[in-house]
Amino acid sequence: MSFIITLIAALFVFSAVIAIHEFGHFAVAKLCGIQVNEFSIGMGPVLWKKHCKGTQYSLRALPVGGFVALEGEESPESRQAESARGEQETQQEAQQPDHPQGCPLNEAPVWQRALVMLAGAVMNFVLGFVVLVILLAADGEPITSKIVYAVDEGALCGQTGLQAGDEVIAVNGRRCFVANDVIYELVRTEQYRADFTVLRDGQKVELKNVQFDTWTDDRGQVHMDLGFSVYGIRKTPLNVLREAGNSVLYYGRIVFTSLADLVRGRESINNLSGPVGIVSAIGQAASYGWQDLLELLALITINLGIFNLLPFPALDGGKVVFLLIEGITGHPVPEKLQGGLTVATFALLFGLMIFATFNDILRLFTGAV
């Protein structure tokens with residue numbers, strides 16, 4: 001039964017984040033007058049299709065994600081290979097005289113092509129924002145603020161500078177958008193101390209070397225004791241929207257920080273998770289309830305949006321870089337160079353995915369976290 005729940009939850013999450021991403025490309029392409037040959041929900045064999053205004057809308061057998069096929073998106077060689085795989089019928093029907101035609105992607109202005117490439121990631125952020133609004137609205141608790149309500153008597157953080165009424169603006173120089181930002185930065189601190197920037201009586205105050213008490217559990221692990229509590233914020237539509245927007249920034253920065261920690265060696269590459277690890281996390285979240293599943297969905301869709309904006313040739317961000325070069329120089333980056341860089345990046349990403357999947361399987365069998 002748990003396997004079925006995990007499977008359904010994983011299909012729901014993956015389909016949502018990929019389909020909304022592809023819908024972003026589709027919608028902006030349509031708005032820019034670019035020919036969309038096909039917009040598909042799902043992958044694999046076609047179960048249902050309908051042609052409307054030059055575009056084939058299809059539902060496919062495998063309920064994972066989807067794709068959008070834009071005229072002029074691929075090189076001539078790629079389009080020939082696509083036709084050989086059975087897509088020629090779609091191209092021919094889309095080109096019938098009675099169907100309105102848009103321009104090929106490669107003939108659209110550079111700024112329109114860039115918008116099409118960016119739209120997928122933007123829609124991932126929109127999905128994350130909407131999910132977070134739903135979660136905040138459904139939660140019966142007040143919104144957690146960053147304003148200190150009280151400092152525990154004798155707490156080390158109070159003795160080293162923190163006071164009731166302080167509104168935390170930043171920890172260790174990193175701006176805190178939501179209360180979870182404060183917790184996240186404190187968890188990352190070394191020696192249980194941190195620099196705070198707070199708003200006190202309307203003035204910005206720098207608190208250097210704020211220290212925290214610790215306690216040790218039965219297994220000998222040391223934990224930080226915050227030693228302070230914060231105010232709750234009354235829920236209003238505006239407060240919910242503001243908190244959801246700030247939470248998108250919070251999740252986004254977690255992704256960037258994790259990547260930076262990986263590059264700097266602060267986090268081990270062995271901690272990378274691939275598809276198996278993600279599915280396992282989705283199954284665990286689903287077992288806790290729909291709120292936990294939606295929260296993980298928000299994190300994954302924001303993660304996907306940011307990852308796609310990285311300036312790697314195989315990703316949307318890399319395509320935008322090529323377009324920026326074309327816009328500045330007036331000449332497109334040679335197709336062979338683009339193709340070579342894209343293949344090399346795909347090989348690197350595929351290698352990382354294989355490595356991460358191996359780690360996931362190893363953790364499943366050994367029970368390591």
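A few points about this structure:
- Candidate set from region 255-300 (those that are open to solvent by 30 Å² or more (accessible area, probe 1.4 Å), touching a residue at least 12 places away in the same chain (Cβ under 8 Å) and closer than 23 Å to residue 146 by Cβ); member that is nearest to the chain's Cα centre (by Cα): 299
- Hits in region 345-363 - residues which are open to solvent by less than 60 Å² (accessible area, probe 1.4 Å) and either modelled with pLDDT of 90 or more or over 25 Å from residue 323 (Cβ atoms) (or both): 351, 356, 357, 359, 360, 363
- Matching residues, region 313-328, being part of a helix (DSSP H, G or I) and of a type in the set (Gly, Ala, Ser): 317, 318, 327
- Taken over region 301-312, residues that are part of a helix (DSSP H, G or I) and open to solvent by 30 Å² or more (accessible area, probe 1.4 Å) amount to 4.
- Residues in region 329-344 that are in a helix (DSSP H, G or I) and either open to solvent by less than 90 Å² (accessible area, probe 1.4 Å) or under 18 Å from residue 315 (Cβ atoms) (or both): 329, 335, 337, 338, 339, 340, 341, 342, 343, 344.
- Matching residues in region 191-247 - criterion: being charged (D, E, K, R), under 18 Å from residue 145 (Cβ atoms) and free of Cβ contacts under 8 Å to residues at least 60 places away in the same chain: 200, 201, 204, 242
- Considering 267, 243, the condition of being modelled with pLDDT under 85 and among the acidic types (Asp, Glu) is satisfied by 267 alone.
- Taking the conditions (1) in a strand (DSSP E or B); (2) out of contact with any Asp or Glu (no Cβ under 7 Å at 6 or more places or on another chain) in turn, residue 10 satisfies each one other than (1).
- Residue in region 120-139 that is modelled with pLDDT of 85 or more and over 27 Å from residue 182 (Cα atoms) present: yes
- If only residues of region 161-196 that are out of contact with any Asp or Glu (no Cβ under 6 Å at 6 or more places or on another chain) and polar (S, T, N, Q) are counted, the one that is farthest from residue 255 (Cα to Cα) is 163.
The values are calculated or read from the model by the stated rules, or taken from the named source; none is laboratory data. Only a predicted model underlies this, so the values are computations on that prediction, with no experimental measurement involved. Positions of Cβ are backbone-derived with ideal geometry, glycine not excepted, and every protein chain shown enters the neighbour counts. All accessible areas refer to the heavy atoms of the entire protein, side chains included, with ligands and DNA or RNA removed. Shrake-Rupley method; radii C 1.70, N 1.55, O 1.52, S 1.80 Å.
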